[in-house]
Structure formats: structure tokens, C-alpha cells
Amino acid sequence: MAVVISDIETAENFCWGLTFFGTGGGGRIEAGLDMLAPAIRAGRKLTLVSPDELSESDWTCWAIILGGKDPDEPPAPEDLARLRLEKEEFPTLVPRLVESAKELTTYAGVKLGALVSMELSSAATSATIVTGLELGIPTIDGDYVGRAIPELVLSKMELIGKPPTPVMMVDRWGNRILVKSAVNAVMADWIGRMVSRAAYGRGIATTGHLVQVHEARPALVKGSLSRSIKVGAALRNGAKLKDGKLQSLIAETAGRVLFEGEATSVDWLSNEPYMWRELVYTIQGRGKWKGATYKVWVKNEHHAIWRDETVIATSPDIFAVLDPETNRPLTTLGDVTPGRPVTVFGMKALDDAWRTDAGRRLLGPRHFNLGFDYVDFERAPA
């Protein structure tokens, strides 16, 4: 049965939940809400459909923004002048994504029946839904990961052997780049980052994995978008309580608090423009965790946690850094700063595929060259 988001309260719950599953990446709550709210206020209904409501032959694709951390300063005017980049054809994200989807389907000679969110995150998922709205099609209630990811290759599509190409990329200036095929998904991702560098960032609208519903079905984390609404409601409702602020979240996710503490440092490992945010949070434990030092390793999102010198948690599982007073999920966009109190919450990966050896190899610490295998946070002492 379709889920319809038609009021601001539900949209807020949705964006809170998406930011939780964003595990630090994919934008703040407001990034998604700023896209969804105008459509709702205009009386438009945002429809999430089960794949069972679509024909097996309906065509789907994802619509994402590829790129990375833009420099703090804009490009020099003389550089833009040299390349004759005088006016942005697509200054905002959604029209850029719509154009990418149209170009992709025109090339393939097919008609889209629905969009799929590649990952769960406030910006990416909301942009997918509004892009679908502009195209006149729904978004499937499901995604290909069950959390946010830093690289295109880290999805269930990779696990089932589906390449992302053909991939269509559109930058803000109106350059359109079709990648008919790529050696692999890693290379397709890398090409997108090079296009981002050439176009001076601000996001490359990218569509890919153009497949029919019967091909998409095995890779879907079904119901993940409607699940995000419930998780967001649990966070927001819990924040209103004086005590037991996370009890509703625990009941909804079967997760637990890993620790509470105060951030003491944020150390950047790589600040290369147009790539990724790579950094480490150092957090001193508080309360029953006092005396322990924790580190959270970030590549756009949270992927590994240490207590003192021992690894206690890794992706593919899901780890959110929360504000202990408001339950607000904090992002890796500068929300965690020295002196800020935090609560770190963990839950198991949403999909069984990430509990297999293949899933843990793909989205586990070895992929990020961390030098150790997956660690189950549920086996770490509370």
C-alpha cells in the first residue's frame, strides 16, 4: 500500500529519520525539509509505493548528486571566464536531476515508472522524491543500501552484480556527460568526482542503474523510507520527555546507546576538494562511560568506533551521533565540535544482505583500508 506524505509533521519526522540513517552524511534535516515542504504547502502529495504496486516491467533508476566536499572559496572569476562558464543552466539540484533522468531515458529509449533512492539520507532521498514528483512518477518505498554511503559501489546492486551504467551526469552549467559503460562501479564513481572537479562542484546530477522492477527487487531494502518516518517520530517524540528520551527509538530500532561523552577534538585526515570528508572525532566518555576515550572514524559517514584502543563497532551497522538534549542527529558537516556533548547510538544494518560475508566485505572496514574485519557492536560491553 502506498505511503503518502501530505503534511509538514510527517515530512519533519521523515527528514529526522533519514538524517538518523544518514549516519552523519547526506545532509542535515533541513536539507531534505527545504525540498519537501514547498511541495506539501502547494498541496502536492509525495507518494511512496511498494514495488508490488508496480508492474514488473516498469523501468526505474536512482537520481543522486555525485561529487564531494566543495572548497570553502568559490572558483576564481578568471577561471570561470577562461572556460566561458558565464551562467548556470541548472542553479538548483532538482531541475538538474530531472534533466539527467530525461537524458538517460531518452538515450535508452524507455519510460520511467518510478524512482529509487540510492541510499537513505535527508538530501539524497528528498531530492529523489521531488525529482519523481516533477517527472510525474512515484518513488519506491525502499532504497539500495539502508543507510548513507560515501561511494557508488557500496550498494546491494553491487552485491547482485548489476553495473550502474549507463550513467548520465549533468552539472550546474548544463554539461551533459553519458557514461555508456565503465570498468566497474568504482570507476563510474571516480569519473563523477572528476567531472565535479572540472565543473567546480556544487553537485553532479547523476542517474543510473536503469533497470526494470523485477531486476531492482532483489537489491531493494524494502520499506526503508516508511521506516524512516517511524524512526524520526521516535526521535522527536522522545525529545519532549524529561527522562527516557531514547526509549521510543530503542523500541523502534532494537538498538542501544553505545556511549555518551563530550567531543574533545575533530581531526581531518583529508580535506581534498571535490572528494570526501575524512576525519576522526575524539570523544571523552561521561557518566558510566567516564574514563574511556572514544574515536569515531568518518568517511562522509560514521564507519568505525574505538573505545580506547579496541574497535567496538563498524559499518555496515548504523551509528548515529545525537544531541543528548534534543535527540537531533548530528552530521559530519561541522555539527560535532570540541566541547559538544553527544550520545552515540547503534543499531544493526537494516538488510540481511549486510550480515553476509560478502556484505561485510563490501561495506565493512576492509573496504576503507582500516586493516581489520567487521566488529559486531552488540558483542561489545554496554
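Take every DSSP beta bridge whose two residues both sit in the chain; close to 90 percent of them are antiparallel. Over the C-alpha trace of segment 133-270, radius of gyration and Dmax come out as 19.4, 55 angstrom.
Binning the alpha carbon pair distances of segment 243-294 at 5 angstrom intervals from zero yields the distribution 5, 17, 15, 15, 16, 16, 11, 5, 1, expressed in whole percent. The Cα atoms of segment 1-123 cover 54, 37, 30 Å along the three principal axes, with the biggest extent listed first.
Working from label points 7 Å from Cα in the Cα-to-Cβ sense, the HIS214 to ARG355 distance is 3.0 nm.
So which GluC sites (Glu not before Pro) in segment 259-367 end up in coil per DSSP with only 16 or fewer other C-beta atoms within 10 Å?
Sites meeting the loop and neighbour criteria: GLU309, GLU325.
The helix-only estimate of mean residue ellipticity at 222 nm for the chain, built from DSSP H runs of length n ≥ 4 each weighted as -39500 (n - 2.57), is -9000 deg cm²/dmol after division by the residue total. Average 1/r across all pairs of distinct alpha carbons in the chain, invert it, and you get the Kirkwood radius: 21.0 Å.
Equivalent-ellipsoid semi-axes for segment 187-248 (Cα gyration tensor, √(5λ), whole Å, largest first): 37, 22, 8.
Across segment 12-117, how many lysine pairs, 8 or more apart or on two chains, come within less than 30 Å at their alpha-carbon atoms?
Count of close lysine pairs: 6.
Longest segment of the chain with no trypsin sites (Lys or Arg not before Pro) in a DSSP loop having at most 15 other Cβ atoms within 10 Å? Answer - 291-365. Would you report the distance distribution of C-alpha pairs in segment 197-347 as whole percents per 10 angstrom bin, up to the bin with the largest distance? Reading upward from the zero bin: 10, 33, 31, 20, 6, 0. Rolling a 1.4 angstrom probe over segment 262-330 with all protein chains present gives an accessible area of which 46% lies on carbon and sulfur atoms.
When the Gaussian network model of the chain links Cα atoms closer than 10 Å, the mean-square fluctuations of PHE368, PHE20, PHE259 top out at PHE368. For segment 262-335, the Kirkwood hydrodynamic radius comes to 13.0 Å, computed from all pairs of different C-alpha atoms. Annotation: amide H of ILE312 within the under-5 Å range of ILE305, TRP306, ARG307, sequence separation 5 or more or interchain, hydrogens built in the peptide plane. The order of TRP276, TRP268 by accessible area, most exposed first and with a 1.4 Å probe, is TRP268, TRP276. Comparing GLY371, GLY244, GLY67 in a Gaussian network model of the chain where C-alpha atoms under 10 Å apart are linked, the largest mean-square fluctuation is found at GLY371.
Annotation: per residue accessible area for segment 224-365 equals 40 Å², rounded to a whole number [probe 1.4 Å, protein chains only]. Heavy-atom accessible area for SER265, with the other protein chains in place and a 1.4 Å probe, reaches approximately 30 Å².
Of the residues GLU272, GLU99, GLU119, which exhibits the maximal mean-square fluctuation in a Gaussian network model of the chain defined by a 10 Å Cα contact cut-off? The residue that fluctuates most here is GLU272.
The values are calculated or read from the model by the stated rules, or taken from the named source; none is laboratory data. In this text, all values refer to a predicted model and were calculated from it rather than measured experimentally. Positions of Cβ are generated from backbone atoms using ideal geometry, with glycine treated the same way; all protein chains shown enter the neighbour counts. For the accessible areas, the whole protein counts, side chains as well, though only heavy atoms, and no ligand, DNA or RNA atoms are used. Shrake-Rupley method; radii C 1.70, N 1.55, O 1.52, S 1.80 Å.
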